[in-house]
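S.K.: So that we are looking at the same thing, I have put the structure below in structure tokens.
The values are calculated or read from the model by the stated rules, or taken from the named source; none is laboratory data. All of these numbers come straight from a predicted model, not from anything done at the bench. Glycine gets a Cβ as well: all are built from the backbone with ideal geometry, and neighbour counts include every protein chain shown. Keep in mind that these areas ignore ligands, DNA and RNA; they rest on the heavy atoms of the full protein, side chains included. Shrake-Rupley method; radii C 1.70, N 1.55, O 1.52, S 1.80 Å.
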Amino acid sequence: QGRKSDDGAIARLAIMEGQATWLMSEYLARKAGQSLKTSPALVRMMSALGNSSGQFPVFDSAPLYLRQTLVFPYTQGLLFQQAVIEHDGNEGFAAVFRRPPVSTQQILHPEKYFEQAKPVLPPLPDPKLPRGFKALIGGSLGELDHEVLLEQYTNKREAGEIGPHWRGSVYELLENKKAARVVLLYAVEWDSPEMARRYLELYRQVLAKKWKQMKIASETGAAVTGSGDDGRFELRLNEAVVTSVEGLPAKAN
């Protein structure tokens with residue numbers, strides 16, 4: 001079931017690892033005469049242990065996405081399990097397996113789990129590609145993915161402020177082997193047109209920073225087109241949805 005969604009699979013992993021981490025931490029706490037159930041400060045301290053703080057140079061030098069997704073199931077999973085226990089008591093241990101979370105957003109914001117807020121699937125853009133392109137891979141991108149993306153290419157404050165407004169995102173890679181070209185189709189929906197407009201501006205910064213060169217062909221409040229290292233791109237805003245097509249072949253003269 002979880003394999004139907006990349007983001008959902010990470011959320012399910014956070015249940016397994018988070019619950020195991022909670023039980024291990026509770027065992028250690030009880031040996032010291034304490035309990036996570038009565039000490040929120042202790043829970044926060046245990047969850048902070050996932051920060052290596054320079055103890056592991058190889059880990060610290062790894063890409064941000066790898067570092068964040070490796071520790072997420074343990075640190076955020078622990079905090080999520082604590083929230084479920086506070087909400088449902090010991091019944092929460094089994095409840096999360098009977099009704100597992102469907103997104104990393106539900107792990108990051110347990111109230112979304114209790115509200116059963118499910119991700120939406122915004123439609124992908126259709127760039128009317130020429131013949132020869134075939135689907136290579138596709139899937140979902142969650143709040144965690146977007147927060148890491150924004151932290152890497154903008155800053156952590158922006159990532160933390162806009163991330164919770166995520167509602168759903170999908171992507172697909174299309175390949176034309178003969179032309180040696182891969183095109184990215186990407187769509188993300190936010191909870192308001194205002195937040196989507198803000199993300200459009202931030203994603204424009206992402207494009208400029210991830211490429212060595214970026215040339216703007218046209219720019220309005222709702223669209224930016226141009227070219228980057230991989231070919232032409234089209235970044236657009238439609239109400240609360242931001243879409244991007246990247247890697248397009250050059251236009252015929």
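S.K.: Treat every Asp and Glu Cβ in the chain as -1 and every Lys and Arg Cβ as +1, leave all other atoms uncharged, and give the resulting dipole magnitude about the Cα centre to the nearest 20 debye.
M.R.: On the way: 31 positive and 29 negative charges, 157 e Å.
Its charge dipole is roughly 760 debye.
S.K.: Right, next: Using a probe of 1.4 angstrom, how much of the accessible area of segment 12-168 is carbon and sulfur, in percent?
M.R.: Numbers: 5040 of 8730 Å².
That share works out to 58 percent.
S.K.: Toward the positive end of the charge dipole of segment 100-253, about the Cα centre and with charges on Cβ (Lys, Arg +1; Asp, Glu -1), which of V245, P123, A187 goes farthest?
M.R.: Checking the options against the dipole of segment 100-253, the answer is V245.
S.K.: Could you order the peptides 198-209, 234-245 from most to least packed, using the average number of other C-beta atoms within 10 Å per residue?
M.R.: On the way: 198-209: 17.4, 234-245: 19.7.
In decreasing order of mean packing, 198-209, 234-245 become 234-245, 198-209.
S.K.: Round to the nearest 10 and report in Å² the accessible area of D230, as given by a 1.4 Å probe over the protein chains' heavy atoms.
M.R.: D230 exposes around 90 Å² with every protein chain in place.
S.K.: Report the charge-dipole magnitude of segment 54-154 in Debye, nearest 20, computed about the Cα centre from +1 at each Lys and Arg Cβ and -1 at each Asp and Glu Cβ. Can you show the working numbers first?
M.R.: Details: 8 positive and 11 negative charges, 129 e Å.
Rounded to the nearest 20 debye, it is 620 debye.
S.K.: Also, I was wondering about something else. In the chain, with Lys and Arg counted as +1 and Asp and Glu as -1 at Cβ, which of these residues, S35, S140, G89, has the Cα nearest the positive end of the dipole, that is, farthest along it?
M.R.: Positive-most Cα among the choices belongs to S140.
S.K.: Once you have the alpha carbon radius of gyration of the chain, what is it after dividing by 2.2 N^0.38 Å, with N set to its residue count? Working shown, then result.
M.R.: Working: Rg = 20.6 Å, N = 253, 2.2 N^0.38 = 18.0 Å.
Working it through for the chain, the quotient is 1.15.
S.K.: If the only charges are +1 at each Lys and Arg Cβ and -1 at each Asp and Glu Cβ, what is the size of the charge dipole of segment 107-229 around the Cα centre, to the nearest 20 debye?
M.R.: Working: 18 positive and 17 negative charges, 164 e Å.
The dipole of segment 107-229 has a size of about 780 debye.
S.K.: Here is a further query. For segment 18-27, in order, what is each residue's ³J(HN,Hα) by Karplus, 6.51 cos²θ - 1.76 cosθ + 1.60 with θ = phi - 60°, in whole Hz (x at glycine and Pro)?
M.R.: x, 5, 5, 5, 4, 5, 5, 5, 5, 4
S.K.: Quote the Stokes-Einstein diffusion coefficient, in whole µm² s⁻¹, for segment 1-126, based on the Kirkwood radius over alpha carbon pairs, a temperature of 25 °C and a viscosity of 0.890 mPa s.
M.R.: Details: Rh = 15.5 Å.
In µm²/s, the coefficient rounds to 158.
S.K.: Can you find, among W211, G231, G160, the residue sitting farthest towards the positive end of the charge dipole of the chain, where Lys and Arg contribute +1 and Asp and Glu -1 at Cβ?
M.R.: G231
S.K.: Just to confirm the number: angle between the C-alpha axis of helix 193-210 and the first principal axis of the chain, 0 to 90 degrees, nearest 10?
M.R.: So the helix axis and the longest Cα principal axis differ by about 80 degrees.
S.K.: Mind scanning K118/K178; K118/K251; K112/K210; K178/K210 and naming the pairs with a C-alpha gap bigger than 30 Å?
M.R.: Values: K118/K178 39 Å; K118/K251 39 Å; K112/K210 32 Å; K178/K210 26 Å.
The pairs that break the limit, which is 30 Å between Cα atoms, are K118/K178; K118/K251; K112/K210.
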